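The block underneath contains the structure these notes are about, expressed in structure tokens.
The values are calculated or read from the model by the stated rules, or taken from the named source; none is laboratory data. Owing to the predicted nature of the structure, the values given are computational and were not obtained by experimental measurement. Here the Cβ positions follow ideal geometry from the backbone for every residue, glycine too, while neighbour counts run over all protein chains shown. These accessible areas exclude ligands, DNA and RNA; they are computed on the full protein's heavy atoms, side chains included. Shrake-Rupley method; radii C 1.70, N 1.55, O 1.52, S 1.80 Å.
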Amino acid sequence: GDPCHLPPTVLDAVAAHDGLTSTVFERLAQQHGERLVRLLDVQYRMHSALMQFPSESMYQGKLRAAPEASAHTLEQIGVRADPLRPGTLVFLDTAGKGYTEERSADDPSTKNPAQAERVAVEVRRLLARGVPAAELGVITPYDAQVRTLRELLRDACASGLEIASVDGFQGREKEAIVLDLVRAHEDAEPRFLRDVRRMNVALTRAKRFLMVVGDSATLASDTYYRAFMDAADRAGASLSAWADDGTEPCIDPP
């Protein structure tokens, strides 16, 4: 098991109080440590640039990418290069764009329709580069945003694009992932996103390309997300949503 992935879902308050929010694996690790638990430190999914932050933030920097995965890219599977979205990691910062989260009276889940529109543009950009729809996934923590994105990308979903919550992607992978963090609000707290195990799952589903779309002004109040954004800056992977609208004909010809 991986104690840095999603925790158990426990709806009963008494059961949670009695300890069922902690798995047997976690209790064994706490009680017996390295005598019983060993870290499998070679991962076979992610490009090394995608592995770096999860390794440093959750696994004491001990993860290593297997040689066959450490440098694999979308271009190696026939996807055209995009000079405005180079590399394997992109953090698309929507701060200041006015993409505002909202909830309806009959739905407690959070959505951000304007940000969903931008995510849809970025997804279509990847598809236009030649990423197979079945090898592209869109992850978002909120069910309302899942529904919004599925409506915007209905045709792509019919061709194999998968849009799901973090829980729906645990244990799975895609060649490319777009992660929509949704939250953007005045009190600048990520709230539900503070479950870093949930985000660790989301950040580790991509094999060759990961784009994270989020509002830095909201995310910066949390140390985990601030560390992620700092890591993206150091890697030259940060892109402001103000830089372009995602529709420019800037994709290299085949």
| field | Selection count, the stretch 92-121, where residues are open to solvent by 10 Å² or more (accessible area, probe 1.4 Å) and either of a type in the set (Val, Ile, Thr) or touching a His at 6+ places or on another chain (Cβ under 8 Å) (or both) | value | 3
| query | Of (1) open to solvent by 50 Å² or more (accessible area, probe 1.4 Å); (2) at pLDDT 95 or above; (3) assigned to a helix (DSSP H, G or I), Trp242 satisfies all except one. Which? | reply | (3)
| query | Of everything in the stretch 33-53 that's open to solvent by less than 60 Å² (accessible area, probe 1.4 Å) and outside any loop (DSSP other than H, G, I, E, B), which residue is nearest to Val178 (Cα to Cα)? | reply | Leu50
| request: May I ask you to verify whether Val196 is among the β-branched types (Val, Ile, Thr) and over 12 Å from the mean Cα position of the chain (by Cα)? | output: no
| task | For the stretch 132-145, name all the residues that are of a type in the set (A, V, I, L, M) and either in contact (Cβ under 8 Å) with a residue 60 or more places away in the chain or open to solvent by 10 Å² or more (accessible area, probe 1.4 Å) (or both). | result | Ala133, Ala134, Ile139
| Quick check, is Ala69 open to solvent by less than 30 Å² (accessible area, probe 1.4 Å), farther than 16 Å from Ala202 by Cα and of a type in the set (A, V, I, L, M, F, W, C)? | yes
| message | Pairs please, first residue from the stretch 100-129 and modelled with pLDDT under 95, second anywhere and surrounded by 16 or more Cβ atoms within 10 Å (Cβ to Cβ) and assigned to a strand (DSSP E or B), Cβ atoms under 6 Å, 6+ apart in sequence or on different chains. | response | Glu101/Thr110; Arg103/Thr110
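Here is a yes/no grid of residues against (1) free of Cβ contacts under 8 Å to residues at least 12 places away in the same chain; (2) under 24 Å from Ala237 (Cα atoms):
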position	(1), (2)
Val79	no, yes
Pro86	yes, yes
Phe91	no, yes
Thr148	no, no
Leu153	no, no
